[in-house]
1. In whole Hz and in residue order, list the ³J(HN,Hα) couplings for segment 136-152 that follow from phi through the Karplus curve 6.51 cos²θ - 1.76 cosθ + 1.60, θ = phi - 60°; x for Gly and Pro.
2. Full-extension gain between ASN43 and GLN27, please, as 0.36 nm times their residue separation minus the C-alpha to C-alpha distance.
3. Order VAL32, VAL141, most accessible first, counting only protein heavy atoms with a 1.4 angstrom probe.
4. Along the charge dipole of segment 107-169, pointing to its positive end and built from +1/-1 on Cβ of Lys, Arg, Asp and Glu, which listed residue (SER125, PHE108, LEU156) has its Cα farthest out?
5. Any chance you could check the Cα centroid distance between segment 84-119 and segment 1-31 for me, in angstrom?
Amino acid sequence: STPERRVALAGAGQVVAALRSLGHEVQVVDTVRGPIHPDEEANLLSELVGAVPPTKEELGEWKQREQSSNFLNLPSLRQCDLVFLVLHGRMGEGGLVQAVLESRGIRFTGSNYVGSALAMDKELSKQLFKVNGIPTPDWLVWPAPEAQIDEMGYPLIVKPSYGGSSVSLSLVYSYVGLCKNIFDHFRFR
């Protein structure tokens, strides 16, 4: 139930097709709807990503229907050989699902919960890159003094520190544009 839901579903469609083409048995489980019947997979996994994030109403509806507290008790999940995670957004990429899977001894793809949580925090990730000599573009975290921001030069990419995919990513060409972008982002939350 994150703004990145459609990105996750589109990715899951590709993963499911690839795994089945290699002869693997796949059970699709959606954190909002639970296990997906094979007859319903094509509709769910073919949702268009689109250029506009979901509305607050859609997010609210998904949140109410979310099965994440129940999906770990599904027999298909407990009996599987491996969970292939195709999760996007703070709840999926941020380590919560990974921590629960680890606590249940269920094998899964991707980073463990600590790595996932660290990677989801964009500022902390950038700091770790820098400390460990991994090249990364300069960055600032809002709020920052206008002079420091201007010193970086425009245009600038603006991205929420805890956002996934490219949701809410934008390009700004001035300090005024930056302020408007940030105001608009928080106004609709």
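1. Once rounded to whole Hz, the list reads 8, x, 4, 8, 9, 10, 6, x, 9, x, 3, 4, 5, 5, 4, 5, 5.
2. Full extension from ASN43 to GLN27 adds 4.2 nm.
3. VAL141, VAL32
4. Checking the options against the dipole of segment 107-169, the answer is PHE108.
5. Value for the Cα centre distance between the two parts: 16 Å.
The values are calculated or read from the model by the stated rules, or taken from the named source; none is laboratory data. Just so we're clear, the structure is a prediction, and the values are computed from it rather than from any experiment. Please note: Cβ atoms are built from the backbone with ideal geometry, for glycine as well, and neighbour counts cover all protein chains shown. For the accessible areas, the whole protein counts, side chains as well, though only heavy atoms, and no ligand, DNA or RNA atoms are used. Shrake-Rupley method; radii C 1.70, N 1.55, O 1.52, S 1.80 Å.
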